[in-house]
Every structure is written in structure tokens, then in C-alpha cells.
Amino acid sequence: MHPRPCTTALRDVRWPASAEVSPPPDGTVLVCCALLGGEGRDFAQAARVLSAEERQRAGRFLTGEPRRRYVVSRLVLRRILGACLGVAPDQVRIESNMLGKPQLAGGERIDFNLAHSGDLLLVAVARAIRVGVDVERIRPLNDAQAIARRFFSPHEADWLQERQDAERDRAFFRLWTRKEAVLKATGEGISSGLDTISVLGADGTFPDTVRRRGAGVEEAVWALIELEPANGFVGALACPAQARPVELRRVCLDA
Ligand SMILES: CC(C)(COP(=O)(O)OP(=O)(O)OC[C@H]1O[C@@H](n2cnc3c(N)ncnc32)[C@H](O)[C@@H]1OP(=O)(O)O)[C@@H](O)C(=O)NCCC(=O)NCCS
């Protein structure tokens, strides 16, 4: 989903700040957030860290702001992955699998996933554990009910319709991000159908785990962890059920 640009202030961010990222210990998932909208960042220097392919992709954005956000998001991703691998950010080699999921080249055992909404970026990273992450800025959608009827299960769409106006937007994005996080963990992406995965129990509560098989990924039980990196945003992390704990950090871009 591509919401209109918004500006998120540092005071809205709920996670503790870290000047440096430490590699997550085995069994731990590190989830970092970063604000992409800051002024005064050395954009040209950031762009130099990117690969030729990333620079080419940046050049395809028609306007400056999406291009700038893409470049900064790749810089943040490369800093985090570089810290995990013990290499400089420009030495991190990223490729995409057949379904478009970015991954480290060369069979590295670190998995990562990223999501952005507005000017907020989330990056989840873990060693030898598949991860999927999604985040959305909570906002009113004129056609939320129609989207729910099309992309959610009948039970989920009915449940959403029964919510009070004040909680419906958040409820919509809680469902959406949970589904997308699982489909990103398996690498399928949402083209395999948000309606093919159910994230709402019969009693209207959100289960902590879901079972899912992905393209080339064996059936597994995925833990679903709700994320609230900043006021006005909701997200979800999907990781194997046995992965614990989860560390939440804000990456300081100017450090
Ligand atoms: C990829 C997809 C999940 C992104 O959803 P979105 O809500 O628009 O965007 P988000 O911010 O949540 O996530 C975007 C990130 O997901 C990652 N991503 C892309 N494909 C992915 C996949 N199959 N599985 C997991 N993650 C994926 C990328 O890192 C992307 O960020 P980047 O483009 O800046 O590198 C969604 O567009 C999709 O499923 N598309 C269908 C698959 C597709 O078209 N693949 C294209 C290449 S074949």
C-alpha cells in the first residue's frame, strides 16, 4: 500500500534509540525503525553507499521525495546488515529471490525483511531464522470495507464491519499487516492472496501463531508479534514460533 507522504516526529517513536546496531544473538530477532523524512542528511554521500542496481532503481522514481526515501532506506538497511556481517555498508551484497524478496547474496545465513509506510522504515533481521515484517500508518480508507471483502476472509470482513468507527481503521491495519508479515516471511508476497491466510480467531481475538507453507518453504508455525514503533503506526513481525526474544530499536541516522 502506498499512503500519501506524512511527517513523523522523533517524539512519536516509541522504541529506544541506538547509535550503533549490534548483531542479534542466535534465536533473537532485531527489529529496527528509522525515520526517513529528516532534513539535512547528506543525500549524495548516502547514494554512494548503494549498489549500481540500487542507484538505477533510485533514478526511476519520478519525484525527489520518494527517491530520497528509497536511498535513505537502503542506506539504513546496509548499515544494519553491515553491522551484522562485520563489513562496511557498501560491501553488503543484496539480491532478490524469484518472488522479489531481497536477501543476502552468497548464501549468508542472515535473513532480513523491510517495510515502509509514510516516512517510517522497519527492518527485521535475524540469523538462520526467516522473518517478515510489515507496517502501516493508521489512516482512514474510504473503501476499507470493500478492500476487506475482497482481500480478507468473510469472517475477518464481518468482524471488521462490526467494529466501532473509532477502532475500525486500526483494526483494518492490524489484520492487513499480520497477513502481509507472514506472506513476506515465507517470501510469497501478497500476490499469493491475503485471503489465503487467516489471522483472526473464531472468537474475534488475534492468535499468536499461524500455520503457513510458502513457495519453497516448508509448512511452519509462525509467531505473529504486533509492533507499534511510533504513535499512529501499527505493524507485525512474523518469525518462527520458537524465535525469542525480539529486540526493538530506533536507528539514529545521523550517528
Ligand atoms: C512486495 C510487497 C509485499 C510489498 O508490499 P508493500 O505494502 O507495497 O510494501 P512494504 O513497504 O510492506 O514492503 C516493501 C518491501 O518488501 C520487500 N519485498 C519485496 N518482495 C517481497 C517478497 N516477495 N517477500 C518479502 N518481502 C518482499 C522489499 O524489500 C520491499 O522494499 P524495497 O522495494 O524498498 O526493497 C507486495 O508489493 C507484493 O507482494 N507484491 C507481489 C510480488 C511482486 O510483485 N514481486 C515483484 C517481483 S517478482
Number of the condition not met by THR63 [criteria: (1) loosely packed, with under 12 Cβ neighbours inside 10 Å; (2) in contact with a helix residue (DSSP H, G or I) (Cβ under 8 Å, 6 or more places away or on another chain); (3) of a type in the set (Ser, Thr, Tyr)]:
(2)
Scanning region 184-194 for residues that are among the hydrophobic types (A, V, I, L, M, F, W, C) and surrounded by fewer than 24 Cβ atoms within 10 Å (Cβ to Cβ), the one nearest to the ligand (Cβ to nearest atom) turns out to be ILE190
Among the residues that make up region 79-92, is at least one of them basic (Lys, Arg) and either within 10 Å of the ligand (Cβ to nearest atom) or over 15 Å from LEU35 (Cα atoms) (or both)?
no
Can you say whether GLY82 is modelled with pLDDT under 95 and either in a strand (DSSP E or B) or small (Gly, Ala, Ser) (or both), as far as the supplied structure shows?
no
Counting just the residues of region 88-113 that are in contact with a helix residue (DSSP H, G or I) (Cβ under 6 Å, 6 or more places away or on another chain) and part of a strand (DSSP E or B), which one comes out modelled with the highest pLDDT?
ASN113
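Residue-by-condition table, conditions (1) under 15 Å from ARG74 (Cβ atoms); (2) in contact with a His (Cβ under 7 Å, 6 or more places away or on another chain); (3) not small (Gly, Ala, Ser):
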{"position": "GLU108", "(1), (2), (3)": "no, no, yes"}
{"position": "ALA115", "(1), (2), (3)": "yes, no, no"}
{"position": "VAL123", "(1), (2), (3)": "yes, no, yes"}
{"position": "ARG130", "(1), (2), (3)": "no, no, yes"}
Name the single residue, out of those in region 125-170 being more than 14 Å from the ligand (Cβ to nearest atom) and of a type in the set (Phe, Trp, Tyr), that is farthest from the chain's Cα centre (by Cα).
TRP159
Give me the pairs: first residue in region 176-196 and over 18 Å from PRO154 (Cα atoms) and hydroxyl-bearing (Ser, Thr, Tyr), second residue in a helix (DSSP H, G or I) and within 10 Å of the ligand (Cβ to nearest atom), beta-carbon distance under 9 Å, and six or more apart or on different chains, which are they?
THR186/SER192; SER191/LEU183
What residue, among those in region 117-145 that are among the charged types (D, E, K, R) and assigned to a loop (DSSP other than H, G, I, E, B), is surrounded by the fewest Cβ atoms within 10 Å (Cβ to Cβ)?
ASP143
Restricted to region 41-78, and to residues that are in a loop (DSSP other than H, G, I, E, B) and touching a residue at least 24 places away in the same chain (Cβ under 8 Å), which residue is farthest from the ligand (Cβ to nearest atom)?
ARG41
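The values are calculated or read from the model by the stated rules, or taken from the named source; none is laboratory data. Note that the coordinates shown come from a computational prediction; the quantities given were computed from them, not determined experimentally. As a convention, Cβ positions derive from the backbone with ideal geometry for all residues, glycine included, and neighbour counts pool all protein chains shown.
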